[in-house]
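Peer 1: Okay, handing you the structure first.
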Amino acid sequence: MADARRRKFSVVLVAAFDRIARSTKNFLQIIDELDSMGIEFISRREGVATGDAMGRLFVTIISAIAELERSLVVERVKSGMRRAALEGRQIGRARLDINREQVVTDRRTGMSLTQVAKRHNISRASVCRLMKEAAGNSDAALVVSGTDLVAQVQSAGGYSR
């Protein structure tokens, strides 16, 4: 759009309407802005150009249909996920089958992220996430003096190697 405002071209050619915007509203805003700058919009798949009133009518109708199609796909996916959940099927990635307390203990005893990750055959990011979860669960139980807290936070921190 920055190049369009600088008048670097006079025509925008796209393979299909859905390649330029995600919603009818956004699509029409882009078309209006291009039109106000005197830039013609052409869609190859739909064979439509905005150079005339008929082309503008087709752009509006087809973009509304495309948004409807996207909405129907979203509804179908959500419906399928609900059905799968009701049938007891796992949705998303399976939970890590590891001893979470041992991961936290290993990290707090001074093992590096990489060492803990390799020992438990998980990623470093999973180690960090488990440490954050453990810190979130035990924050209420921490009642220590300032210097002890600093030492505890440094030994429990999740990001150093």
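Peer 1: Taking amide H positions as placed 1.01 Å from N in the peptide plane, with prolines and chain starts having none, which residues 5 or more places from Gly51, or on another chain, fall under 5 Å of its amide H?
Peer 2: Phe41
Peer 1: Now for a different question. For the range 1-136, what is the relative contact order in percent, using Cα pairs closer than 8 Å and at least 6 residues apart in sequence? If you can, show how the numbers build up before the last one.
Peer 2: On the way: 101 pairs, mean separation 21.2, N = 136.
Dividing the mean separation by the residue count of the range 1-136 yields 16 percent.
Peer 1: For the range 8-61, which GluC sites (Glu not before Pro) pass both filters: DSSP loop (anything but H, G, I, E, B) and at most 13 other C-beta atoms within 10 Å? Write out the running numbers ahead of the final one.
Peer 2: Working: sites: Glu33, Glu40, Glu46; in loops: Glu46.
Answer by residue number: there is no such site.
Peer 1: If R0 is 25 Å, what FRET efficiency do you get for Ser79 and Arg22 from their C-beta distance, rounded to 0.05? Working shown, then result.
Peer 2: Numbers: r = 21 Å, r/R0 = 0.84.
Once rounded, the FRET efficiency stands at 0.75.
Peer 1: For Ile98, what residues show an amide H to amide H distance below 5 Å, using hydrogens built from the backbone and excluding near sequence neighbours?
Peer 2: none
Peer 1: Residue by residue through the range 92-102, which ³J(HN,Hα) values in whole Hz follow from phi under the Karplus form 6.51 cos²θ - 1.76 cosθ + 1.60 (θ = phi - 60°), with glycine and proline marked x?
Peer 2: Using θ = phi - 60°, the values come out as x, 6, 5, 5, 5, 9, 9, 7, 4, 5, 5 Hz.
Read the figures in this text as sums done on the coordinates, not as results from a lab. Just so we're clear, the structure is a prediction, and the values are computed from it rather than from any experiment. FYI the Cβ positions are ideal-geometry reconstructions off the backbone, even for glycines, and counts take in every protein chain you see.
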